[in-house]
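The values are calculated or read from the model by the stated rules, or taken from the named source; none is laboratory data. Owing to the predicted nature of the structure, the values given are computational and were not obtained by experimental measurement. A quick note on method: Cβ atoms are made from the backbone with ideal geometry, for glycine too, and the neighbour counts reach across all protein chains shown. Remember, those area values only see protein heavy atoms, side chains included, never the ligands or the DNA or RNA. Shrake-Rupley method; radii C 1.70, N 1.55, O 1.52, S 1.80 Å.
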Amino acid sequence: MDKVKETTKQDRDDRIGFKGMMLWQSRAISSGIFILLSGYLMVYCTDTMKVPAALVGGILVASKVLDGFTDIFAGFIVDRTKTRWGKGRPYEVFIIGLWLSTWLLFSCPESFSTVAKCIWIFVMYALANAVCYTFLNANQNVYLVRAYNQGQIVKQTSYGSVVTMLAAVIFNVAFPVAMGTLATSPAGWSRLILMFAVPLAAIGILRMLFVKEKYDVEAEQGGEEKLHVKDVAVLLGTNKFILIIALMTFIFNFVTNMGVQVYYFTYIVGDVKLQGLVSLSQMIAIPLAFAFPKLIAKFSTIKLMTAGFLVSAIGYLINFIAGSNMVLLMIGAILFGAGTIPCSMLLPLVIIECADFNEWKGIHRMEGTMTSINGLAQKIGGAIGAGALGVLLSLAGHTGDAATMPSSALMMIRMLYGIVPMALYLLVALTLKGYKLNKLMPQIKADNEAKRGQAAKGE
């Protein structure tokens with residue numbers, strides 16, 4: 001009877017409610033759509049602004065030098081923050097700057113010279129990524145572990161992520177149609193982005209306004225953390241698991257941010273509006289997220305991610321075979337979409353595991369710093385993916401005109417939409433075999449709880 005009462009009380013403590021879930025996911029929806037929208041930057045620059053693809057790729061890669069610099073310090077700054085609003089919460093305000101700089105990024109004056117266009121793109125892209133998104137990424141897990149308990153965190157990263165996936169699907173369906181209709185000129189692109197930027201900025205700020213930080217993690221550990229720069233080096237020397245996760249994130253974002261899909265449906269399928277139909281088919285896989293809490297308890301988060309990358313590899317192989325066959329393209333989309341769900345949704349849980357490992361090893365938890373390390377891998381992977389797309393398309397003879405597109409460029413587009421991501425995801429699956437932290441977690445959690453109990457008694 002006591003066990004039943006204890007379970008019922010735990011269920012009540014872990015309850016979030018639909019409103020609470022939507023408020024937390026509001027900023028995740030907004031920043032997630034920013035990432036998807038960034039995938040259209042290359043085609044905007046090459047086909048509308050007429051900037052050479054290789055030059056655009058170089059700009060994106062060069063911007064990551066600055067981005068890497070800010071990432072090194074952002075997580076450290078967040079970890080050291082202490083305000084009346086909390087540690088991670090104040091940085092949510094950067095969502096406003098993110099959408100303002102994104103709108104300006106896609107509003108480059110047509111009359112500018114090629115050099116001026118390149119400078120404009122570099123500056124706005126750097127503001128969006130190296131400043132705004134960097135701090136939004138760095139504060140994510142710091143905010144999460146102070147706003148919710150462990151049971152609620154699992155629900156937010158699994159059930160709650162269904163909301164962000166649905167929003168992503170809606171965007172992937174709606175945007176190509178709107179793009180085909182409105183984005184026929186530089187001014188059209190500016191209006192189109194503004195239509196998305198204003199409501200998404202308003203939605204994105206809701207988390208900051210209504211979700212409070214309720215848990216003082218530092219106090220639970222027995223004291224206030226005092227970080228120093230040298231602690232970052234200690235972290236990197238102690239925790240190899242975060243480096244494995246960073247490599248996974250790098251490759252995942254290299255693939256997802258290449259932005260080759262819009263080229264594929266423009267030049268291989270012949271109708272960019274059909275891209276939305278293929279994206280819509282991915283909704284079939286979304287209910288998988290409801291099974292994650294039970295699957296995590298049985299198989300561990302990292303095993304789900306490994307299996308997901310193998311499924312995605314099969315989906316990308318089908319993409320290469322499909323050509324313009326819409327049925328096969330939809331099957332491929334369902335498979336690679338389903339396969340990426342674990343990595344997309346459950347990454348915060350893995351970073352929190354790494355923080356638990358740090359605490360177990362007697363060093364600072366440093367959720368913000370590790371999130372920034374992972375964020376650096378994410379953004380460098382995305383930028384190099386976009387940059388590689390531009391360079392490879394140029395080498396293959398991409399002209400930006402279907403009438404003059406050589407067969408070599410068409411084959412390159414097919415390879416980048418199929419064989420290349422398949423090979424990279426197989427590499428990720430092999431790399432994740434070196435992640436053994438999941439086997440240690442029961443002991444780590446028990447030892448950390450014991451330490452916290454002793455610290456509480458010491459007070």
Point to revise | Qualifying position, being under 29 Å from the mean Cα position of the chain (by Cα) and open to solvent by less than 30 Å² (accessible area, probe 1.4 Å), among LEU389, LEU427, LEU440 | key: LEU389
Check your understanding: Is one or more of the residues making up segment 446-456 within 28 Å of the chain's Cα centre (by Cα) and open to solvent by 30 Å² or more (accessible area, probe 1.4 Å)?
Key -> no
Check your understanding: Since ALA246 meets every condition but one in (1) touching a Gly at 6+ places or on another chain (Cβ under 8 Å); (2) at negative phi, which condition does it not meet?
Key -> (1)
Revision key, fill the gap. The correct count of residues that are basic (Lys, Arg) and either open to solvent by less than 40 Å² (accessible area, probe 1.4 Å) or over 23 Å from the mean Cα position of the chain (by Cα) (or both) in segment 287-325 is 2
**Study point:** helices (runs of 4 or more DSSP H) wholly inside segment 59-169 that include at least 1 residues being under 26 Å from TYR40 (Cα atoms) and open to solvent by 50 Å² or more (accessible area, probe 1.4 Å)
**Key:** 94-105, 114-126
Revision key, fill the gap. The condition from (1) open to solvent by 20 Å² or more (accessible area, probe 1.4 Å); (2) touching a Lys or Arg at 6+ places or on another chain (Cβ under 8 Å); (3) under 23 Å from LEU166 (Cβ atoms) that VAL272 misses is numbered (2)
Practice item. Considering each residue of segment 258-298, count those that are in contact with a Ser or Thr (Cβ under 7 Å, 6 or more places away or on another chain) and not in a helix (DSSP H, G or I), and give that number. Key: 2
Check your understanding: Mind checking whether some residue in segment 357-366 is open to solvent by 10 Å² or more (accessible area, probe 1.4 Å), of a type in the set (A, V, I, L, M, F, W, C) and not in a helix (DSSP H, G or I)?
Key -> yes
Check your understanding: Which condition breaks for MET22 when tested against (1) assigned to a helix (DSSP H, G or I); (2) closer than 30 Å to PHE254 by Cβ; (3) aliphatic (A, V, I, L, M)?
Key -> (2)
Exercise for review: Tell me, please, whether a residue that is more than 23 Å from ARG146 (Cα to Cα), in contact with a His (Cβ under 9 Å, 6 or more places away or on another chain), in contact (Cβ under 8 Å) with a residue 24 or more places away in the chain and buried (at least 22 other Cβ atoms within 10 Å of the Cβ) can be found in segment 373-384.
Suggested key: no
Practice item. Just give me the residues in segment 25-52 being open to solvent by 10 Å² or more (accessible area, probe 1.4 Å), part of a helix (DSSP H, G or I) and more than 21 Å from ALA168 (Cβ to Cβ), in sequence order. Key: THR46, ASP47, THR48
Study note, to complete from the structure: Filtering segment 248-265 for residues that are open to solvent by 20 Å² or more (accessible area, probe 1.4 Å) and either in contact with a Leu (Cβ under 8 Å, 6 or more places away or on another chain) or at pLDDT 90 or above (or both) leaves a count of 3
Check your understanding: From GLY17, GLY32, GLY58, which residue is more than 21 Å from SER158 (Cα to Cα) and modelled with pLDDT of 80 or more?
Key -> GLY58
Practice item. Report, by residue number, each residue of segment 372-414 that is within 24 Å of ILE77 (Cα to Cα), out of contact with any Phe, Trp or Tyr (no Cβ under 6 Å at 6 or more places or on another chain) and modelled with pLDDT of 85 or more. Key: ILE373, ASN374
Review point. What do you reckon, is LEU235 touching a His at 6+ places or on another chain (Cβ under 8 Å) and either farther than 25 Å from ALA423 by Cβ or at pLDDT below 90 (or both)?
Key: yes
Exercise for review: Could you list, in sequence order, all residues of segment 400-419 that are part of a helix (DSSP H, G or I) and free of Cβ contacts under 8 Å to residues at least 60 places away in the same chain?
Suggested key: ALA403, THR404, SER407, SER408, MET411, MET412
Study note, to complete from the structure: Exactly one of LYS361, LYS379 is closer than 29 Å to ILE29 by Cα and of a type in the set (Lys, Arg), and that one is LYS379
Check your understanding: Which of the residues spanning segment 413-424 are open to solvent by 10 Å² or more (accessible area, probe 1.4 Å) and within 16 Å of ALA338 (Cβ to Cβ)?
Key -> MET422
Practice item. Mind listing whichever residues of segment 302-338 are of a type in the set (Gly, Ala, Ser), under 17 Å from VAL278 (Cβ atoms) and assigned to a helix (DSSP H, G or I)? Key: SER312, GLY315, ALA322, GLY332, ALA333, GLY337, ALA338
